[in-house]
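Following: one structure in structure tokens, then a few remarks.
The values are calculated or read from the model by the stated rules, or taken from the named source; none is laboratory data. Given the structure is predicted, the values throughout are model-derived calculations rather than measurements. Every residue, glycine among them, receives a Cβ derived from its backbone with ideal geometry; neighbour counts consider all protein chains shown.
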Amino acid sequence: MQTASHVPATGEVFLDARGGSRALRVSWHSEAGVVVLSLWRDGTCAGTFRLTIDEVPDLIDVLRAGLARAYDDARTSFIPGLQEADHLAG
């Protein structure tokens, strides 16, 4: 594990929804043909995962499908009558 005084600025950093000092860092390493996902807590790298560039489209598809389902669930939950209208239209 790598120790650092703070999450590095290179790559894209996403803060954990739970708050605290947790973060996910995504960094491209074209020379190695991978994208590295690293988990950070309190300025320390707690673990890494190397995803080959060929697998990135599959990860994006999974994230996109989950987002679409979450959007549909939220839309039908928060807009009164929409669920019934969707049911009648389908």
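Considering only residues of the stretch 10-27 that are within 21 Å of L51 (Cβ to Cβ) and among the small types (G, A, S), which is surrounded by the most Cβ atoms within 10 Å (Cβ to Cβ)? Only one residue fits best here, namely A23. Consider the stretch 29-52 and keep the residues that are closer than 21 Å to D16 by Cβ and small (G, A, S). The one that is modelled with the lowest pLDDT is G43.
When the stretch 53-90 is limited to residues that are β-branched (V, I, T) and farther than 21 Å from A23 by Cα, the one that is modelled with the highest pLDDT turns out to be I53.
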